[in-house]
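The values are calculated or read from the model by the stated rules, or taken from the named source; none is laboratory data. Just so we're clear, the structure is a prediction, and the values are computed from it rather than from any experiment. Heads up, the Cβs are rebuilt from the backbone with ideal geometry, glycines too, and the neighbour counts pull from every protein chain shown. Side chains included, ligands, DNA and RNA excluded: accessible areas come from the protein's heavy atoms. Shrake-Rupley method; radii C 1.70, N 1.55, O 1.52, S 1.80 Å.
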Amino acid sequence: MNLGDVQQRLQAPFPSHLVSWKPAALSRDRSRALLLAHIDARAVQDRLDAICPADWTFRVEVIPGTSVPTVKGHLTVLGVAREDLGQAPDGELSTLKAAASDALKRCAVHFGIGRYLYDLPRVWADWDDTTRQPVTTPELPDWARPEQERTPGGAHLVRILEDLRAGFPEDVDVQRDVWRHLNAALKCLHGQTGDAAPAPVNAVLSAAPSPADVTLTREGAARLHRQLGPLLPGLRDPDVKAWVGEVLGREITSFEQIRTAEIQGLKAAARDRHAAGQPDAQGQVA
């Protein structure tokens, strides 16, 4: 992979909720502001991590003797290096850390990251000087939005997906299970939307998680609990919980942990247990 292979992805517009607005000028009464669109350094880092996580580096050199904190940034992406200066704004945020963030963003522009923001028209808008934010967030034109946001409700959908990604489980095994389910669902959906030819049935089945991996939904667990009710009490009974764990070969604390492939075997074992004269849900022998 080289820089040319990923240039289009680097230059793609950011989701609108990641675009912020800062004042380039204020009216005398500070109630109106000339707004400039910008992104923060974290958005740049996330973009680079998403495209070439192991193939970018950034370092800074402090420039001494300047009136405000100033650094020179060196950003290398896929073996290509770009440099630019970064300065901290005046006031409380005037730190070397702020200057480094500014340098990263300026270097990233050399690779096309966020460069489109410079093409946005400057707009005057009502300004809340207490919160240091515009009273109403300006609307981005369609060309400055990701493609998936260019339909009604698209921006909301992108925000939900971003939140979902941020809340993704850290456990690798759980990630694999989630990915298998999502991948199977996406392949089935892709075949139904008409965007492309439907995937062959055997391809969808091979992509879908096997029954041995699929646990019961809440409704399925409740249904199984009702079906087993006459045969054995619920898992709150420690003896029953231990018995179910022995049958399934692992500890079970709720019916939702039972896999679909285990249902028939558990039912058969419960019938045998009941027929052998084990206590039922009322503690009586059948």
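Scanning region 89-108 turns up one or more residues that are open to solvent by less than 80 Å² (accessible area, probe 1.4 Å), among the acidic types (Asp, Glu) and either touching a strand residue (DSSP E or B) at 6+ places or on another chain (Cβ under 8 Å) or assigned to a strand (DSSP E or B) (or both).
When only residues in region 67-88 that are part of a loop (DSSP other than H, G, I, E, B) and touching a residue at least 12 places away in the same chain (Cβ under 8 Å) count, which is most open to solvent (accessible area, probe 1.4 Å)? Reasoning before the result, please.
First, pick out the residues of region 67-88 that are part of a loop (DSSP other than H, G, I, E, B): 67-69, 78-79, 88.
Filter once more, keeping what is touching a residue at least 12 places away in the same chain (Cβ under 8 Å): 68-69, 78-79, 88.
Details: 68: 28, 69: 30, 78: 35, 79: 74, 88: 7 Å².
It comes out as 79.
Looking only at region 34-66, count every residue that is aliphatic (A, V, I, L, M), touching a strand residue (DSSP E or B) at 6+ places or on another chain (Cβ under 8 Å) and either closer than 30 Å to residue 4 by Cα or open to solvent by less than 70 Å² (accessible area, probe 1.4 Å) (or both) and tell me the total. Outline the logic, then answer.
Restricting attention to region 34-66, the residues satisfying the condition of being aliphatic (A, V, I, L, M) are 34-37, 39, 41, 43-44, 48, 50-51, 54, 60, 62-63.
After this cut, where a residue has to be touching a strand residue (DSSP E or B) at 6+ places or on another chain (Cβ under 8 Å) as well, the list is 34-37, 39, 48, 60, 62-63.
Of the ones still in play, those that are also either closer than 30 Å to residue 4 by Cα or open to solvent by less than 70 Å² (accessible area, probe 1.4 Å) (or both) are 34-37, 39, 48, 60, 63.
Total meeting the criteria: 8.
Could we say that residue 233 is part of a loop (DSSP other than H, G, I, E, B), out of contact with any Lys or Arg (no Cβ under 7 Å at 6 or more places or on another chain) and modelled with pLDDT under 70 here? Even if it seems obvious, please write down each step before you answer.
Working: part of a loop (DSSP other than H, G, I, E, B): yes; out of contact with any Lys or Arg (no Cβ under 7 Å at 6 or more places or on another chain): yes; modelled with pLDDT under 70: yes.
Here the answer is yes, as residue 233 does meet what is asked.
Only one of these is open to solvent by 50 Å² or more (accessible area, probe 1.4 Å) and either part of a helix (DSSP H, G or I) or at pLDDT 70 or above (or both): 262, 246. Name it.
Values: 262 fails: open to solvent by 50 Å² or more (accessible area, probe 1.4 Å).
Selected residue: 246, the only one of 262, 246 that is open to solvent by 50 Å² or more (accessible area, probe 1.4 Å) and either part of a helix (DSSP H, G or I) or at pLDDT 70 or above (or both).
Number of residues in region 110-123 that are closer than 20 Å to residue 2 by Cα and surrounded by 17 or more Cβ atoms within 10 Å (Cβ to Cβ) equals 3.
Might you check whether a residue that is in contact with a helix residue (DSSP H, G or I) (Cβ under 6 Å, 6 or more places away or on another chain) and touching a residue at least 24 places away in the same chain (Cβ under 8 Å) occurs anywhere in region 48-55? Explain how you work it out, then say what you get.
Start the filter on region 48-55 by keeping residues that are in contact with a helix residue (DSSP H, G or I) (Cβ under 6 Å, 6 or more places away or on another chain), which leaves 51.
Cutting the leftovers down to touching a residue at least 24 places away in the same chain (Cβ under 8 Å) gives us 51.
Yes, region 48-55 contains at least one residue that is in contact with a helix residue (DSSP H, G or I) (Cβ under 6 Å, 6 or more places away or on another chain) and touching a residue at least 24 places away in the same chain (Cβ under 8 Å).
Of the residues making up region 16-33, those that are modelled with pLDDT of 90 or more and either part of a helix (DSSP H, G or I) or surrounded by 15 or more Cβ atoms within 10 Å (Cβ to Cβ) (or both) are 18, 19, 20, 21, 23, 32, 33.
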